[in-house]
Amino acid sequence: MSYNLQVTIDKSSGFCFGVVYAIEMAEDILANEGRLYCLGDIVHNDEEVERLTNMGLKIIDHEVLKTLKNEKVLIRAHGEAPSTYMLALENNLTLIDASCPVVLKLQNRIKNSHDDNEQILIFGKHGHAEVIGLQGQTDGEAIVFQDLAELDNVELPSKFTLYSQTTKSVDKFYHIKDELISRGYEVKANDTICRQVSNRYEELENFVSDYNKIVFVSGKKSSNGKVLYDVCKKYNNDSYFISNVEELDKSWFTENDKVGICGATSTPMWLMEKVKAALEQY
């Protein structure tokens, strides 16, 4: 029997401009030269990384970077700490810098705050590539926290400057700011959250309520994927998280369901189209 599913892909889902820029840069070089090193996963999506590694992209970490000489290396959208650029100079590496402009602007602002001797707090995910790059602007002196509870046992100065990783929730950022002010701190807050990401929360809210079932497609490592999936679940309880077509389960659906497909800023459109094609076979 055919389920006759009506499947629609969310038009606002898919790569943000920072990711598009990095991937197009990589594709151009790979088309001409057949190989390129990339520092860290170019995007938090295994399927897209596999597609590009098949074209000749070689993903390396900082340890391998130290051993390279006279090579081309792509800096992905998340950006890098100043130490990476210093190493590139020492090892005669050509950096293809695809750092997202939103991230670069934030790095610059954090560096200026640090140069002005401000104590800096960064609301962000520990160990995330973007956050490591941001903390690098402060010689590692900024305090990074994912959650307010982490600050309970930290002796904070009476005044500090608060920044956020670009893909965090705007609401949560302002909640943290208000909470810290209510605890008596003098907080200078810089909202540096990427609006291309934060606008998706609202767009998703509107999108998911129109469907019986939602299939959210994202890499497991994507921070923004986790946040956006939570939005889906909040406004449509019948939301399912998958990273690839193989994870689809026919038992989630019933006949004539209207199914919406959406994804993170690191989810390629071709992958969502593949999921759509699979669902239409049911």
When the Karplus curve 6.51 cos²θ - 1.76 cosθ + 1.60 is applied with θ = phi - 60°, which whole-Hz ³J(HN,Hα) does each residue of segment 201-211 get, with x for Gly and Pro? 4, 5, 4, 5, 3, 5, 5, 5, 6, 8, 10
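Could you give the length gained by full extension between Asn212 and Met269, i.e. 0.36 nm per residue of separation minus their alpha carbon distance, to one decimal place? Spell out each step's value before the answer.
Values: separation 57, 0.36 × 57 = 20.52 nm, distance 2.16 nm.
Answer, rounded to one decimal: 18.4 nm.
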In debye, nearest 20: dipole of the chain around its Cα centre with unit charges on the Cβ of K, R (+) and D, E (-)? 200
Let me have the relative contact order for segment 159-246, percent, based on Cα pairs under 8 Å that are six or more residues apart. 28
Distance in nm between pseudo-label sites at Glu27 and Ser83 (7 Å out along the Cβ direction from Cα): 3.4
Using a 10 angstrom cutoff on alpha carbons, build the Gaussian network for the chain and name the most mobile of Asp116, Asp147, Asp230. Asp116
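May I ask you to give the percent of accessible area on the chain that is carbon plus sulfur, with a probe radius of 1.4 Å? Walk me through the numbers before you get to the answer.
Numbers: 6330 of 13430 Å².
Carbon-and-sulfur percentage of accessible area, whole number: 47.
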Reach of Lys72 by Cα under 19 Å, taken over lysines that are not fewer than 8 positions away in the same chain: Lys58
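Would you mind telling me the antiparallel percentage of the DSSP bridges in the chain, rounded to 5?
Working: 0 of 35 bridges.
Of those bridges, close to 0 percent are antiparallel.
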Mean separation of Cα pairs under 8 Å and 6+ residues apart, divided by the residue count of the chain: what relative contact order is that in percent? 25
I want to verify a result. In a Gaussian network model of the chain, Cα cutoff 10 Å, which of these has the top mean-square fluctuation: Gly127, Gly225, Gly40? Gly127
Measuring from centroid to centroid over Cα atoms, what is the spacing of segment 235-280 and segment 153-219 in Å? 26
What does the charge dipole of segment 35-155 about its Cα centre add up to, to the nearest 20 debye, if the Cβ of each Lys and Arg holds +1 and the Cβ of each Asp and Glu holds -1? 700
Diffing segment 264-276: the Karplus 3J(HN,Hα) column from phi (6.51, -1.76, 1.60, θ = phi - 60°), in whole Hz with x for Gly and Pro, holds 7, 6, 10, 9, x, 4, 4, 6, 5, 5, 5, 5, 4
Which is farthest toward the positive dipole end of segment 74-122 among Ser99, Ile110, Leu89, measuring Cα position about the Cα centre, with Cβ charges +1 (Lys, Arg) and -1 (Asp, Glu)? Ser99
Assigning unit charges at the beta carbon (Lys, Arg +1; Asp, Glu -1) and nothing else, what dipole magnitude in debye, to the nearest 20, does segment 64-134 show about its Cα centre? 240
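Quick one: order Met25, Met272, Met86 from most to least accessible surface, probe 1.4 Å.
Numbers: Met25 45, Met272 0, Met86 110 Å².
From most accessible down to least: Met86, Met25, Met272.
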Quick calc: nm separation of the 7 Å Cα→Cβ label points for Asn92 and Val154 -> 4.2
Amide H proximity to Leu5 below 5 Å, modelled H, separation 5+ or other chain, gives Asn256
Under the Karplus relation with 6.51, -1.76 and 1.60 and θ = phi - 60°, whole-Hz ³J(HN,Hα) for segment 26-41, x at Gly and Pro, equal 4, 4, 4, 5, 5, 5, 8, 10, x, 7, 6, 8, 9, 7, x, 4
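The values are calculated or read from the model by the stated rules, or taken from the named source; none is laboratory data. This structure is a prediction, so every number in the text was calculated from the model and none was measured. Glycine also receives a Cβ, built like all others from the backbone with ideal geometry; neighbour counts cover every protein chain displayed. What goes into the accessible areas is simple: the full protein's heavy atoms, side chains included, and nothing from ligands, DNA or RNA. Shrake-Rupley method; radii C 1.70, N 1.55, O 1.52, S 1.80 Å.
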